[in-house]
Structure formats: structure tokens, C-alpha cells
Amino acid sequence: MANRGGKGSYPPSKSGAPNGRQMVLISDDSDSDSDSDDFFEEEAPPTHSKSNGKASSDSLKTGGKASSFSNGSKGGKAFSAGKGGKGSASNAKPAMSDAELKLQLDMSPNSILLTNCEAAEMLQKIQGHMAILSEDPKIKIPESFDKAFQYAKEGNHFTSAKLVKEILEPLKDYGVNDGEICMIANIGPETIEEVYALIPSLKATRSINEGKIAEALTALANIKASK
Amino acid sequence: MVFLQAEMCWNVLISAGQLSPKGLLLRKSIIVRLLEDVTNRKASKEHGYYIAVNGLKEISDGKIRELTGGVLFPVTFTCITQRPMKGEIMVGSVEKILKHGVFLKSGPMENIFMSAKSMSDYKYMAGENPMFMKDYSKLEKYTIVRFKVMGFCWMEADRQFRLLATMAGDFLGPL
């Protein structure tokens, strides 16, 4: 039963008939519940995510693309079997849009992006002072500290944040922005295909950065922490 | 969720009883009060979850509040925060399994929902230990999953985020 006519489903993306190969990413607010509206109304107005005009239309076309929110992606490329979600063509329409969803950094002006390895090192230093701090009952530590520290440690694949930065910084000259560099460091990909599958925004500049990213991955493999 | 180091300027109110002519004690009071405020506020829509204050930049001149006698000090500090971003890849563990999807948790976030429709290859298996299964891969409680953030919203009442996740895509799914 493939009743996928955008019926109260979270990705309100599909309104195409099963036969028509058109995936129109329209805000389907008639039948989506308020929760899913909230998820997408919160979004910044549609951004730049269509900027890579690689309108390659393969078997799946993403026509229309009147996406008024988040999923401004275009997908439309043949996808390969991976670890998850590979589905057939008709089932894969939401999969394509989800997979092609690009990273949208929404940071306040006075913020600096930290990778998991940098955050883990900083939080480790604070953890070191915790014993002294906890002696004074007046000093309160945010309750998210422990969980975030655990998350940073588990998400840290490398032995040194400084080395990671040295390896990845040069990618900025090859069309890779800060957010994408942060993603590469956080994911700890093993293959170049994994990088492009998980960070689809890099595909636009693949011809420029593929070689450099491959080199960076090789260098990162040398400093990977054993777990 | 990505980590950020955000510079913020908050007003810290020191009550009259905590004011001290000795500079260092006053400074300690301000810092303790700042830490308390950060802990109480937990999170904000703009910066995400407050994890730890890691630097104090400046304590500006205080302003006396006439009625109470307390003093308001503008304090500029840096704080490590964690905030979700749309389109980012995260890793979380399964907390609850329902027919329509699963709830995940990751770091300080405990409200991450992944719809069954984004796991179209997986079938729901009810029972005492419900799970989603596909061939030899299964999603049950405490399974570690890599997913992508499709969207999120800020719940002002609870002061936390709710995330919508998907596993539809290459290299996503149970680890």
C-alpha cells in the first residue's frame, strides 16, 4: 500500500502520482499536521540551496520545485545502494529529496563553528576542573554538559583537533565552506563516495575538490583514533 | 548538532547583599550568578543548548536598580553551545519504537523523531520488543543510527528543540 499522497507525513514532499516521475516539493499544508508545519515554518526563507544548478535530470526528475521551505534540493540523480534507504523509483522520491537535503548553517554573527574534536578537547579541560568546581555548591553547571561531552567524545574520530584543522583548512581554497569542513570532520568518512553522499552540496564543485578531498581523507585516516 | 562557540552579552543582577567592596569577591559573585543564569536558561533558539561557559571577556560597569538596590552588570562571555542544523548528519540511539516511527536521542536532544516513511525498506515488527527489520538489519532500542536532520523547531515552553530525522539516503542507517 503505497498511499503516499502526502498524507500527514513528515516529509510533505510528494504529491506526484505514482506513475508520474515528478517530485514536486510543495508545502502540503492541507493535510500535514501542525507539527510538520512547525518544522518547516521555522525555516529561514528558502536559501541558496538551489544554487548548484546541476539540473541533471536522470530517471527521477524533480520538476517544479516549488519548495517554499527546507527541501530546496533537487536530487534528480541516480542513487546507489548504500547502507540505508535505497528503495525503488516510486518509493524513492522522498528518499531522494531527503538524501539531497543540503546543510544549512544558521549561525548567529558572533559564533564560531567547532568540530566535535575541538569541542571534545575544550570540554575535556572543563571536565578536569569539575572536581574543584563541584565542591562549591553555589557553582552550577548546565545539565547538558555531561550529555554533550559524551556526544563530543563519541563523535570525535581523531587524535588531535589541531591536526584535523591543518588537514582540512586547505580545502577552503577548493570550494569547500566551513560548514562542509565541519561535517567532514564530524562524520569521519572513509571513502570519497561517502563524503559526496552525505554532503550533497559538495557535488556542485566535485570537479574542483575531489582530488583534494581524497588526499585529505587519506591524511585523516592516519590520525584516526582507534575505538 | 554542531558545536558553536558563541559570544554573548547578558545582564547579571547582583543583589545588594552580595555586593562586596573587595573586587575579587564581587567578581566571583558575578561569575557564579552568570553560571546560574546559564544553567537555568538551558537553551535558546538562537544559540542552542548551553553546554559550558568557557571564557569571560568583559564585565562592564554596573547599573544600580533604584528600587531593589541590586546592581545590573553587563557581562560579555563566550559559551560553548550545541545547536541542530538542517541537513546535518548526526548519530543517535533509538529510544522508543512505535508503528509510525522511532524516537531517537542524541547528546542533549531527546526529541528526535524519524518517521517510518523515511525507513521505507524496514518493516515494523510488533511485540514485547518492537523493532523495525530489513533483511538482516534491524532497528531496536539502543541501536545506534546515523541520520540526517530534515528540520527542527524550537519549543519555547519546554526550552528545547524537536528534530525531524530521516534515514533515507546512502550511508545512513544503523551503525
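What the table shows:
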{"read-out": "Breaking point among (1) modelled with pLDDT under 90; (2) assigned to a loop (DSSP other than H, G, I, E, B), for B:LYS28", "value": "(2)"}
{"read-out": "Search result, residues across the range B:1-48 that are in contact with a Gly (Cβ under 9 Å, 6 or more places away or on another chain), buried (at least 17 other Cβ atoms within 10 Å of the Cβ) and among the small types (Gly, Ala, Ser)", "value": "B:ALA6"}
{"read-out": "Per-region count, the range B:126-147, residues touching a Gly at 6+ places or on another chain (Cβ under 9 Å) and either surrounded by fewer than 23 Cβ atoms within 10 Å (Cβ to Cβ) or β-branched (Val, Ile, Thr) (or both)", "value": "5"}
{"read-out": "Selection within the range B:125-147 - more than 9 Å from chain A (Cβ to nearest Cβ), touching a residue at least 12 places away in the same chain (Cβ under 8 Å) and among the small types (Gly, Ala, Ser)", "value": "B:ALA126"}
{"read-out": "Helices (runs of 4 or more DSSP H) completely within the range A:100-197 that count 1 or more residues being modelled with pLDDT of 90 or more and facing another protein chain (nearest Cβ under 8 Å)", "value": "A:116-133, A:144-155, A:178-187"}
{"read-out": "Residue within the range A:140-150 that is under 19 Å from the mean Cα position of the chain (by Cα), closer than 26 Å to B:GLY107 by Cβ and of a type in the set (S, T, N, Q) present", "value": "no"}
{"read-out": "Condition check for B:ILE30: away from chain A (no Cβ under 13 Å) and farther than 27 Å from B:VAL2 by Cα", "value": "no"}
{"read-out": "Condition met for B:LYS99 (surrounded by fewer than 20 Cβ atoms within 10 Å (Cβ to Cβ), out of contact with any Ser or Thr (no Cβ under 7 Å at 6 or more places or on another chain) and modelled with pLDDT of 90 or more)", "value": "yes"}
{"read-out": "Hits in the range B:62-94 - residues which are closer than 24 Å to A:LEU198 by Cα, out of contact with any helix residue (DSSP H, G or I) (no Cβ under 8 Å at 6 or more places or on another chain) and not small (Gly, Ala, Ser)", "value": "B:THR81, B:ARG83, B:PRO84, B:LYS86, B:MET90, B:VAL94"}
{"read-out": "Within the range A:113-169, tally of residues that are of a type in the set (Ser, Thr, Tyr) and surrounded by 17 or more Cβ atoms within 10 Å (Cβ to Cβ)", "value": "3"}
{"read-out": "Condition broken by B:ASN54, with the remaining ones in (1) assigned to a strand (DSSP E or B); (2) at the interface with chain A (Cβ under 8 Å from one of its Cβ atoms); (3) buried (at least 21 other Cβ atoms within 10 Å of the Cβ) satisfied", "value": "(3)"}
{"read-out": "Tabulated pairs, the range B:148-175, first facing chain A (nearest Cβ under 7 Å), second among the acidic types (Asp, Glu) and buried (at least 24 other Cβ atoms within 10 Å of the Cβ), C-beta under 7 angstrom, 6+ apart or interchain", "value": "B:LYS148/A:ASP98; B:MET150/A:ASP98; B:THR166/A:ASP98; B:ALA168/A:ASP98; B:GLY169/A:ASP98"}
{"read-out": "Matching option when the condition is of a type in the set (S, T, N, Q) and not in a strand (DSSP E or B), among B:THR68, B:THR76", "value": "B:THR68"}
{"read-out": "Those residues of the range B:128-175 which are in contact with a helix residue (DSSP H, G or I) (Cβ under 9 Å, 6 or more places away or on another chain), among the basic types (Lys, Arg) and assigned to a strand (DSSP E or B), in sequence order", "value": "B:LYS134, B:ARG146, B:LYS148, B:ARG162"}
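The values are calculated or read from the model by the stated rules, or taken from the named source; none is laboratory data. On a predicted model such as this, the values are computed, not experimentally measured, just so you know. Don't worry about glycine lacking a Cβ; one is built from the backbone with ideal geometry, like all the others, and counts go over all protein chains shown.
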